[in-house]
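Participant: Following this message is one structure expressed as C-alpha cells.
Every read-out reported here was derived from the displayed coordinates using simple, explicitly stated rules and does not represent laboratory data. Because the structure is a prediction, the values reported are computed rather than measured. Positions of Cβ are backbone-derived with ideal geometry, glycine not excepted, and every protein chain shown enters the neighbour counts.
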Amino acid sequence: MSYVTTKNLTKRFGDNTVFENIQFSIEQGEFITLLGPSGCGKSTLLRSLAGLNPVDGGEIWVSNEEITHQTPQQRGIGMVFQSYALFPNMTVEGNIAFGLKMKKLASTEIQREVAKVIDLVDLKGKEKQYPHELSGGQRQRVALARALVVKPRILLLDEPLSALDAKIRKHLRQQIRDIQKEMNLTTIFVTHDQEEAMIMSDRIFLMNKGQIVQAGTPEEIYTQPADEFVAGFMGHYNLVDADKAKQLFNIDSQSKVAIRPESIYVKEAGRQYGQHISAPQTGTIKNHQLLGNVIRYQVAVDECELTVDLLNRSSERLLTNGSQLELLFNLNEIQPVRA
Ligand code: ADP
Ligand code: MG
C-alpha cells in the first residue's frame, strides 16, 4: 500500500460540492503538486488532509492507518500557508519552539531541535528577531521551520511562495525542494503556477472543478495532456478540430488534436526532413510577440490560426507580420485529446 491514500473523498459546503470521490496514492518521500486554477478546490483538499476541514465522505490513510476522523494534532501533519500566520509577539525562536512546548518537551531538547531547523532553513542570527523585523521570504522560512520542527509525517504547503517577489520565490522553492529531499519528507504543495509545478514536483495532480483530471510526472503532463483543459493549462497547445487535422496534417482523429507551438517548424530550403515530419503547409504571419528567448508567432493556415514558437537566435531572422512561410509539423507530437 502507498504511504498516503485517499478513497472516495468528498467535501461539500452547503449545496456546493467542492470535490467528490477524490482518489489518489502517494509514495513515501514523494513531492506532489496540486496544480489548478483558482477555486478548483486545492486548498479545501489540503485542509481536509490536515484535518482542518472535516470531509463528508471517503477515507484518508497514512502509513496503513486511517486518519479520516483524527484531530489535526493526532495526524502528524505539518502545514504552511500563504499568509505566514506567525505569532507577532513571539521571536523567531519562540515561534518555532511553540509546537514543541505544546508537546511538553524538555527545554534542552527544545533548544537543540529549534537550533537544528534554524540552521536547516538558513535563519541563523535571526533567532531573537520578531516577525515584523523580517522580510517576506524570512517569515515564510520561519513558518516552514515551525512546521518541520515537530518532525511531521507529511508536509502540506498551500501556495507558500505566492506572496513573494520573483527572485526570492525562485530561491525559496529550491530551498524547500532541497530540504524535502534531504529529509525524504512526503510533501504536497499547492500552486496555480505551472512553471513552479513543473520545476519542483515528482508528480503533478492537475485539478479542475474539484476533480483530479490528470496525475503524472511533469513531463507526462506536459507532453501527453489527457484532455482539452490540460492542454490549455500546460503551455500554449494548439487545439485543432478533427476535420482541420485531416486537412493540415493528413491524420484521422475522432476528437480534437493538440500540438505544441515548439513542435511546429518553419521549412528551411535545402534541408532534409524525416518521415515523422508532415508535408508543408503555407501560412501567413498575423502577429508576433517577443518573449525573450522565444518569438511566438500567430500564423494563419487556411482558416486555422496556429501558435508557433521559434527560438530567437538572431534579430535578422525575425519574420515580419504579413510574410508567408512554409510550416512543417512533427507528426509524432500530435495527439488526440478528450473534450
Ligand atoms: P483553490 O484553493 O483551488 O483556489 P478553494 O479550495 O479555496 O480553491 O475553494 C474551492 C471552493 O470551495 C470554492 O467554490 C470556494 O468558494 C469554496 N469554499 C472554500 N472554503 C469555503 C468555506 N470555508 N465555506 C464555504 N465555501 C468555501
Ligand atoms: Mg487556495
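Participant: Shape verdict for the chain, please, from the Cα gyration tensor: rounded (a/c under 1.5), prolate (a/b greater than b/c) or oblate. Before the final figure, lay out each step's value.
Facilitator: Working: a/c = 3.00, a/b = 1.87, b/c = 1.60.
Here the chain falls in the prolate category.
Participant: Sticking with this one: Tell me, what is the percent relative contact order of the chain, built from C-alpha pairs under 8 Å that lie six or more residues apart? It would help to have the intermediate numbers written out before the result.
Facilitator: On the way: 646 pairs, mean separation 55.4, N = 339.
Value for the chain: 16 percent.
Participant: Only Cα pairs within less than 10 Å get springs; with that Gaussian network setup on the chain, which residue of M198, M102, M183 has the largest fluctuation?
Facilitator: Judging by the Gaussian network model, the answer is M102.
Participant: Take every DSSP beta bridge whose two residues both sit in segment 4-232, then give the antiparallel share in percent to the nearest 5.
Facilitator: Antiparallel bridges: around 50 percent, rounded to the nearest 5.
Participant: Between segment 116-135 and segment 186-242, what is the C-alpha centre distance in whole Å?
Facilitator: 35 Å
Participant: Cut-off 10 angstrom, C-alpha nodes, Gaussian network model of the chain. Which of Q211, Q281, Q289 fluctuates the most?
Facilitator: Result for the chain, Cα springs under 10 Å: Q289 fluctuates most.
Participant: Right, something else. Between R317 and Q275, what is 0.36 nm times their sequence separation minus the Cα-Cα distance? Round to one decimal in nm.
Facilitator: That pair, R317 and Q275, stretches by 12.5 nm at full extension.
Participant: Ok, one more. Label-point separation (nm) for I199 and A163, each offset 7 Å from Cα along Cα-to-Cβ?
Facilitator: With each label placed 7 Å out from Cα toward Cβ, I get 2.1 nm.
Participant: Turning to a different aspect of this structure: Below 8 Å between Cα atoms, with a sequence gap of 6+, how large is the relative contact order for segment 236-336 in percent?
Facilitator: 35 percent
Participant: Normalising by the residue count of segment 3-117, find the relative contact order in percent from Cα pairs under 8 Å and 6+ residues apart.
Facilitator: With pairs under 8 Å counted, the relative contact order is 22 percent.
Participant: Can you work out the Karplus-derived ³J(HN,Hα) for every residue in segment 255-272? Use 6.51 cos²θ - 1.76 cosθ + 1.60 with θ = phi - 60°, whole Hz, and x for glycine or proline.
Facilitator: Once θ is set to phi - 60°, the couplings for segment 255-272 become 10, 4, 10, 10, 9, 6, x, 8, 9, 10, 10, 9, 5, 10, 4, x, 9, 8 Hz.
Participant: Give a residue-ordered list of calculated ³J(HN,Hα) values for segment 289-299 (Karplus: 6.51 cos²θ - 1.76 cosθ + 1.60, θ = phi - 60°; whole Hz; x for Gly, Pro).
Facilitator: 10, 8, 9, x, 6, 10, 10, 9, 9, 9, 10
Participant: Starting from the Cα of T282, move 7 Å in the Cα-to-Cβ direction to define the label point; list residues of segment 241-271 whose amide nitrogen is under 16 Å from there.
Facilitator: 248, 267
Participant: I'd like the Karplus ³J(HN,Hα) series for segment 67-80: coefficients 6.51, -1.76, 1.60, θ = phi - 60°, whole numbers in Hz, and an x wherever there's a Gly or Pro.
Facilitator: My calculation for segment 67-80 gives 10, 3, 10, 6, 6, x, 5, 6, 7, x, 10, x, 9, 10 Hz in order.
Participant: Given the options G36, G322, G270, state which has the largest fluctuation in a GNM of the chain using a 10 Å cut-off (strictly under) for Cα springs.
Facilitator: Ranking G36, G322, G270 by mean-square fluctuation puts G270 first.
Participant: Counting other beta carbons within 10 Å of each Cβ, put S253, S63 in order, fewest first.
Facilitator: Ordered from fewest to most neighbouring Cβ atoms within 10 Å, S253, S63 come out as S63, S253.
Participant: Continuing with this model, one more query. Gain in length, K101 to K124, computed as 0.36 nm per residue apart minus the alpha-carbon separation, to one decimal in nm?
Facilitator: Once the chain is fully extended between K101 and K124, it gains 6.2 nm.
Participant: Also: With a Förster radius of 22 Å, plug the Cβ-Cβ distance of E59 and N16 into 1/(1 + (r/R0)^6) and report the FRET value to the nearest 0.05.
Facilitator: 0.50
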